[in-house]
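Have a look at the structure below before the remarks.
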Amino acid sequence: VLTGAIDDVVLPPGVSGFDALTMFHVIEHLDSPQRALHQARSLLRPGGVVMIETPTVDCLWFRVAPRRWRQLIPDHYFFFSRATLEALLRRCDFQPVSFAKVGRQVSLRFLADRLRRSGVPLAAGLAGGVRTLGLGDRTVRVSPGDIMQVVAIAR
């Protein structure tokens, strides 16, 4: 297993290509997602797999309140729909094979704070209740539908 910036990764001696490469919440931060995917393709053997997780504009939150969308932050330079990410992968010699919207485990403290920051009515009261009851460290699974995971095979 190697970790690092895509531009810094080199194949070890005697290795013709990696079997898998992951980009979890990376591609939206890069100055050139296309260049990074071409680099990823050069590092993978044919049949190797890339898994990308990134925000998606294919969600209710983006359609209803795009200016208040939680993913709209200064260091997110690119946003993708399923169609645009899959098209980019194909241009970089990958074949997309699976797509899913994913969620994650979060603490009730984190969830209440995010709801409050988003302007959800009564969220401040929820945060107070979580704190009063000592439930801040309890976790729940949330899936707001604005994170996608795409798996593609190197051709």
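For the reader, a short list of remarks on this structure follows.
- Selection within segment 109-133: residues that are outside any helix (DSSP H, G or I) and among the small types (Gly, Ala, Ser). The member of this set that is modelled with the highest pLDDT is 119.
- Applying a threshold of 8 Å to beta carbon distances and a minimum spacing of six or more residues, or different chains, the list of pairs starting in segment 136-155 at a residue that is closer than 16 Å to residue 86 by Cβ and ending at one that is open to solvent by less than 20 Å² (accessible area, probe 1.4 Å) and part of a loop (DSSP other than H, G, I, E, B) reads 154/17.
- Selection status of residue 59, open to solvent by less than 30 Å² (accessible area, probe 1.4 Å) and in contact with an Asp or Glu (Cβ under 6 Å, 6 or more places away or on another chain): yes
- Residue within segment 70-93 that is touching a strand residue (DSSP E or B) at 6+ places or on another chain (Cβ under 6 Å), in a strand (DSSP E or B) and under 30 Å from residue 130 (Cα atoms) present: no
- Residues of segment 134-145 that are modelled with pLDDT of 95 or more and either under 30 Å from residue 18 (Cα atoms) or surrounded by 11 or more Cβ atoms within 10 Å (Cβ to Cβ) (or both): 135, 136, 138, 139, 140.
- Screening residue 153 on (1) more than 16 Å from residue 61 (Cβ to Cβ); (2) touching a helix residue (DSSP H, G or I) at 6+ places or on another chain (Cβ under 6 Å); (3) of a type in the set (A, V, I, L, M, F, W, C) shows it passes everything except condition (2).
- Residues (part of a helix (DSSP H, G or I) and either within 14 Å of the chain's Cα centre (by Cα) or of a type in the set (Lys, Arg) (or both)) located in segment 1-59: 27, 28, 29, 33, 35, 41
- Residue match in segment 60-73 (condition: at pLDDT 95 or above, in contact with a Ser or Thr (Cβ under 9 Å, 6 or more places away or on another chain) and charged (D, E, K, R)): no
The values are calculated or read from the model by the stated rules, or taken from the named source; none is laboratory data. Just so it is clear, the model here is predicted, and its values are computed rather than measured. Using ideal geometry, Cβ is built from the backbone for each residue, glycine included, and neighbour counts are taken over all protein chains shown. With ligands, DNA and RNA removed, areas are computed over all heavy atoms of the protein, side chains included. Shrake-Rupley method; radii C 1.70, N 1.55, O 1.52, S 1.80 Å.
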